[in-house]
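Encoded as C-alpha cells, the structure appears first; notes follow it.
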Amino acid sequence: MIISILRVHRCLQLQLLDVSVPLIVISRAKPPPFLVLMGDYLICPTVWLASGMQEIHADQETIGKISAAGQLMWCSASIDILFLLDGSYSIGRGSFERSKHFASKLCDVLDIHPGRVRVGMVQFGSAPHLEFSLDSYVTKREVKDRIKRTVFRGGSTETGRALKYVLRKGFPGGRNLTVPKILIIISDGKSQGNTAMPAMQLKDRGTTVFAAGIKFPRWEELHALASEPTEQHVLFAGDASDAANGLYSALSSSICSVTTPGCKVESFPCERRTLETERELAGSYVCWKGSKQQNVLHASLCPFYRLKRVSMKHPSRCFRTICTDPCDSQPCQNGGTCVPEGLDKYHCLCPVGYGGGIHCAPKLSLECGVDLLFLMDSSAGVTLEGFLRYKAFLKRFLQAVMGRDSPVNVGVAQYDTNVRIPIEVGQHKDVFGLMKSIDALNFSGGGTLTGRALRYIAQHGFRSTPVFADVLDDLPRVVVLLTDSKSQDPVAEAAKYARDRDLLLIGVGSSFVRAELAEVTGNPKQTIIYSDPQDLFNRIPELQRRICTVNSPEGCQVQSFDLLFAVDASAGVGLANFLLLRDFVRSSSWHFTIKQDVTQIALVAYGGRAHTVFTLDTHTNNSALL
C-alpha cells in the first residue's frame, strides 16, 4: 500500500494491521486542505540536531587574552599524541578540512621532536585507517604538511570501531608505557555504534582522552568519550585558537608542568549550545481512516506539524590559560595606544607631537622664549563643534611642546562680536593649571569680527609683567589666530596695525579662509592650512616651527648685509610687468629679517631717470617695509 502525505520532510514507517507501509514524502509551500492517512497510528514528533557552538562567558578583554595566550603556549614534555580524526560522511569534506586545521593548530603548541612530543594520526569512517605513525615525522613542519595532505575518505561514523582499533594496535610508532599517551578525538559525536565500553577501556589503561566537537556536535557523546574532569577534556574544534588554549591548560597542570611565566589557568563559566529542530503541532485537518469493516472509511481530524528551531543550552566550565598583558598598566601616555608584543614587550602608537620616548613623551618643545597668545574664533561661524575642536587642538599642542621649564608664556583669547582674554599671557606656569583653564572656556557664538579682535589684541593682549621694578619683559610676541570663518569686518588694516607693533601673526585655518589668513599674516609662509578636521592635529609640528622662527631665522635671515633693489619702471616694461617686479621685491623681502643690525633694504626705481623710493635706514621691520 502506498500512502501520500503532505508537508512532512522525513520518510517514516506506519503500521496498519501489522504491515509496514512506506511513506512517500511530498513538500509544498502551503498546507493541504486535508491529509489522506490509513491506519490507526499517527506520526510521532522527532528531534534532530541542527548546529552547535561553544561560548565562554567573559568580557571582551579576557576573551582577547585567551586568544593571545593560545599563540604563546608551548609544551615540551615527553608525550605521545594520536589524533583520531572523523572522516565520515556525517562530517562532510568542509568540516573535515576544519578538523585538519584544528589538528595542525594544536601542533603549534607542541615541541615535536623524537625525544619529546611525537604525533600520529588515524582517520576513521566505516573503518579506521592509519594515516601516519608517531615515528614517521620528526619535525613540526613535516607533521603539519602531512596533516594538510590527508584525504577525506567518507563512510559511516564507526567511532567505537576506531577506539577498538586503538585498543588493539596501541599508538603505532609510540614509546613504552612510561611515556604519557594522549588521544585526541575530533568528531561530531554521532557514532553509529557503541562507544562507551571501548572508551572506558582506553581510559582504564591510562590513556588521556580529549574529545573535540566539530560541525554540529552531540555534546553528550563527547562527554562520555572524554577523560575526567570532562570540563577540561571536551573542546570545540570550530575555534582552533581557543581549543589549543584549552588543550594546553589541561596538560600544563600535569604533563606539561612548566607554565609560561606570567600565565595562569583560570576557570570560566561557558555554555555549549545546539540549535535543534523539533516538530510542533500546527493544527488539525480532515482526513480519512480505514476500518476493519470492508469498504468503510471514517472521516477524522489528523494533526499537522511544522518544524521549529530551538536553541538548547548546556552549561559547563571551561579552563583556559590567560597571560598578563604588558599593556594592562596603560604605559602609553598622552593619548597613545599600547600594542602588546608578546608577554613582556609592547610599543606605543603616539599622537602627532609625541614619541620622544617609549611612553609617548612629548618630542616637540618650544625652547624659544616667546610670549604666545592664541586668538580663538568663538563666533557662530565656526560652530560649537569647531570651537571644541580648537580647544582639543590647543590642549594637544601645549601638552606636546611645553615642558616643566619651558621659557614660553602662554595666554588664550576668544573673540566673536567682542573680545575676551580669559587666560592672560604668563598667567599659568604649569601645564596642568593651563589645561584646566582651557577646559573652562565656553562657546559664545555671535558675529565674526576678526579685524576688531586683532586690533584689541595688539593693544591689550600683552601686558608685560615687570621682572624688576623698572625692567619690562621684552620677549618676542606671537599671536596664533585659529579660525575657520571669514571675517565680517576688514582685517588688512587691523593686521598691519598689529604687525607694526612687532607682533608675529600666524594664521591656522582651512582652505576656505586661506586668502584672508594670508592677508592677516602678511606672508603666506605664516599661514597653516589643514585639509580636514583630523588634519588639523597633524599640523602641530609645523606650528611649533613657525612659532620658533621668530627667534631662529634661517638661511639669509641670519646674514648682516645691505640690500638694494633697482627696479625698471620705464614705459618699455609696461604696467603689468612692473606689478610683477614689485611683487617679486615684496615676496623676496620676507626671506630676510629687517633690522638695523641684521638686514637693511633700499629700493630705487628708474625710467628716464632714477628715483629713490626708500633708503636703507628708512624701515626697521618687515611690516613697515611692506
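For this structure, a couple of remarks:
- Yes/no for residue 385 being in contact with a helix residue (DSSP H, G or I) (Cβ under 9 Å, 6 or more places away or on another chain) and surrounded by fewer than 20 Cβ atoms within 10 Å (Cβ to Cβ): yes
- Taking the criterion of being crowded, with 17+ Cβ neighbours inside 10 Å and over 34 Å from the mean Cα position of the chain (by Cα), the residues of segment 420-442 that qualify are 421, 423, 424, 425, 426, 428.
- Here residue 105 clears all of (1) open to solvent by less than 50 Å² (accessible area, probe 1.4 Å); (2) of a type in the set (D, E, K, R); (3) closer than 15 Å to residue 172 by Cα except the condition numbered (3).
- Here residue 237 fulfils each of the conditions (1) surrounded by fewer than 16 Cβ atoms within 10 Å (Cβ to Cβ); (2) within 27 Å of the chain's Cα centre (by Cα) apart from (1).
- Some residue of segment 443-458 being in contact with a helix residue (DSSP H, G or I) (Cβ under 8 Å, 6 or more places away or on another chain), of a type in the set (Gly, Ala, Ser), surrounded by 18 or more Cβ atoms within 10 Å (Cβ to Cβ) and farther than 25 Å from residue 493 by Cα: no
- Residues within segment 476-522 that are in contact with a Pro (Cβ under 8 Å, 6 or more places away or on another chain) and not in a helix (DSSP H, G or I), tallied: 2
- Test: residue in segment 161-181 that is of a type in the set (A, V, I, L, M), within 17 Å of residue 96 (Cβ to Cβ), within 44 Å of the chain's Cα centre (by Cα) and open to solvent by less than 10 Å² (accessible area, probe 1.4 Å): no
- Residue selected from segment 125-156 under the condition in a loop (DSSP other than H, G, I, E, B) and more than 42 Å from the chain's Cα centre (by Cα), by the criterion surrounded by the most Cβ atoms within 10 Å (Cβ to Cβ): 125
- Every residue from segment 523-537 that is open to solvent by 70 Å² or more (accessible area, probe 1.4 Å) and outside any helix (DSSP H, G or I): 531
- Of note, residue 338 does not satisfy the criterion of being outside any strand (DSSP E or B), at pLDDT 80 or above and of a type in the set (A, V, I, L, M, F, W, C).
- So residue 195, is it in contact (Cβ under 8 Å) with a residue 12 or more places away in the chain and open to solvent by less than 20 Å² (accessible area, probe 1.4 Å): yes
- Sole residue being at pLDDT below 80, crowded, with 16+ Cβ neighbours inside 10 Å and among the hydroxyl-bearing types (Ser, Thr, Tyr), chosen from 257, 316, 311: 316
- Taking the conditions (1) open to solvent by 60 Å² or more (accessible area, probe 1.4 Å); (2) under 30 Å from residue 393 (Cα atoms) in turn, residue 278 satisfies each one other than (2).
The values are calculated or read from the model by the stated rules, or taken from the named source; none is laboratory data. Since we're looking at a predicted model, the values are computed, not measured. Quick reminder, even Gly has a Cβ in these numbers, built from the backbone with ideal geometry, and neighbours come from all protein chains shown. SASA here: full protein model, heavy atoms, side chains in, ligands and nucleic acids out. Shrake-Rupley method; radii C 1.70, N 1.55, O 1.52, S 1.80 Å.
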